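S.K.: This is the structure, below, for whatever I ask next.
The values are calculated or read from the model by the stated rules, or taken from the named source; none is laboratory data. In this text the structure is predicted, and so the values were computed from the model without any measurement. Please note: Cβ atoms are built from the backbone with ideal geometry, for glycine as well, and neighbour counts cover all protein chains shown.
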Amino acid sequence: MAIRPILCLPDPQLRAVSEKVGVVDDSVRALMDDMLQTMYDAPGIGLAAIQIGVAKRVIVMDLSKKGEPPAPRFFVDPEILETSEEESVYEEGCLSIPEYYEDVSRSARIRVRYLDRENIMREIDADGLLATCLQHEIDHLEGRLFIDHLSRLKRERAIKKFTKAARSEPGAKKFERAPEIREKRG
Ligand code: NI
């Protein structure tokens with residue numbers, strides 16, 4: 001297992017469309033282990049392989065709360081089968097867009113088919129934070145970022161901020177990483 005560097009906006013690799021995996025074998029499981037370690041180290045609650053520069057449709061996630069035992073989840077080649085019309089709003093962030101949070105409205109419930117860590121095909125009905133987090137991570141597989149769900153003005157402002165930061169000299173303000181998604185209450 002190894003901690004890998006996380007790509008940040010405006011890295012063009014984040015816009016790549018990831019390829020299907022097909023079969024979950026030991027090499028995919030090794031990738032998952034690196035992704036999980038990288039995610040826990042950040043720390044974050046979800047990570048897509050493209051965020052460490054691997055354009056494969058692999059997602060790791062752990063939505064356990066502080067003090068609870070770790071509960072890693074793995075999703076390979078996830079496919080959204082159904083989405084609810086009803087939406088819910090969460091304040092989202094992204095390990096690839098550090099220190100930036102905005103409210104995003106997504107389907108409140110989704111049905112997803114995916115391969116698990118043992119290469120078994122599964123289907124789940126997700127709601128709440130899991131539904132939002134899955135949609136956020138599946139977006140990554142399509143080269144989409146949560147800022148794409150914001151108004152054009154907000155999105156352009158965010159991209160500008162990170163493009164400036166990327167150009168600035170070493171030693172300039174370093175962004176702290178933050179968890180991918182925070183629950184929006186009320
Ligand atoms: Ni993200």
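S.K.: Can you name every residue in the stretch 143-154 that is surrounded by fewer than 15 Cβ atoms within 10 Å (Cβ to Cβ) and in contact (Cβ under 8 Å) with a residue 40 or more places away in the chain?
M.R.: Pass one, the stretch 143-154, residues surrounded by fewer than 15 Cβ atoms within 10 Å (Cβ to Cβ): 148, 151-154.
The answer is 154, and nothing else.
S.K.: So residue 139 clears everything in (1) over 11 Å from the mean Cα position of the chain (by Cα); (2) surrounded by 15 or more Cβ atoms within 10 Å (Cβ to Cβ) except one condition, right? Which one?
M.R.: (1)
S.K.: Residues in the stretch 77-110 that are surrounded by fewer than 16 Cβ atoms within 10 Å (Cβ to Cβ), at pLDDT 95 or above and among the charged types (D, E, K, R): how many?
M.R.: Number of matching residues: 7.
S.K.: Just wondering, is there one or more residues in the stretch 127-142 that are part of a strand (DSSP E or B) and either among the polar types (S, T, N, Q) or at pLDDT 95 or above (or both)?
M.R.: Checked against the condition, which is being part of a strand (DSSP E or B) and either among the polar types (S, T, N, Q) or at pLDDT 95 or above (or both), the stretch 127-142 yields at least one hit.
S.K.: Moving on. Out of all the residues in the stretch 101-126, which are of a type in the set (Val, Ile, Thr) and over 10 Å from residue 24 (Cβ atoms)? Outline the logic, then answer.
M.R.: Initially, the stretch 101-126 is screened for residues of a type in the set (Val, Ile, Thr), giving 104, 110, 112, 120, 124.
Within the stretch 101-126, 104, 110, 112, 124 qualify.
S.K.: Which residue is nearest to the ligand (Cβ to nearest atom), if the candidates are limited to the stretch 93-121 and must be among the hydrophobic types (A, V, I, L, M, F, W, C) and farther than 23 Å from residue 39 by Cα? Explain how you work it out, then say what you get.
M.R.: Narrowing the stretch 93-121 to residues among the hydrophobic types (A, V, I, L, M, F, W, C): 94-95, 97, 104, 108, 110, 112, 115, 120-121.
Within this subset, residues satisfying the condition of being farther than 23 Å from residue 39 by Cα are 108, 110, 120-121.
Values: 108: 19, 110: 17, 120: 26, 121: 25 Å.
Looking at the filtered set, the residue picked out is 110.
S.K.: Residue 74 fails exactly one of the following numbered conditions: (1) farther than 21 Å from residue 162 by Cβ; (2) touching a residue at least 60 places away in the same chain (Cβ under 8 Å); (3) buried (at least 18 other Cβ atoms within 10 Å of the Cβ). What is the number of that condition?
M.R.: Every condition holds for residue 74 apart from (2).
S.K.: Going through 110, 124 one at a time, which residue ends up being of a type in the set (A, V, I, L, M, F, W, C) and either more than 20 Å from residue 148 (Cβ to Cβ) or in contact (Cβ under 8 Å) with a residue 60 or more places away in the chain (or both)? Full working, then the answer.
M.R.: Values: 110 fails: either more than 20 Å from residue 148 (Cβ to Cβ) or in contact (Cβ under 8 Å) with a residue 60 or more places away in the chain (or both).
Of 110, 124, the one residue that is of a type in the set (A, V, I, L, M, F, W, C) and either more than 20 Å from residue 148 (Cβ to Cβ) or in contact (Cβ under 8 Å) with a residue 60 or more places away in the chain (or both) is 124.
S.K.: Same structure, new question: Please note which strands (runs of 3 or more DSSP E) are completely contained in the stretch 38-97 and include at least 1 residues that are out of contact with any helix residue (DSSP H, G or I) (no Cβ under 6 Å at 6 or more places or on another chain).
M.R.: Numbers: elements: 46-48, 58-62, 72-83, 87-94.
Fully inside the stretch 38-97 and qualifying: 58-62, 72-83, 87-94.
S.K.: In contact (Cβ under 8 Å) with a residue 40 or more places away in the chain, within 13 Å of the ligand (Cβ to nearest atom) and within 13 Å of residue 137 (Cα to Cα): which single residue out of 59, 6 fits that description?
M.R.: On the way: 6 fails: within 13 Å of residue 137 (Cα to Cα).
Unique residue meeting the criteria: 59.
S.K.: Looking for whichever is surrounded by fewer than 17 Cβ atoms within 10 Å (Cβ to Cβ), of a type in the set (Val, Ile, Thr) and closer than 15 Å to residue 21 by Cβ here; the options are 50, 120, 59. Which one fits? Lay out the reasoning, then the answer.
M.R.: Details: 50 fails: surrounded by fewer than 17 Cβ atoms within 10 Å (Cβ to Cβ); 59 fails: surrounded by fewer than 17 Cβ atoms within 10 Å (Cβ to Cβ).
Unique residue meeting the criteria: 120.
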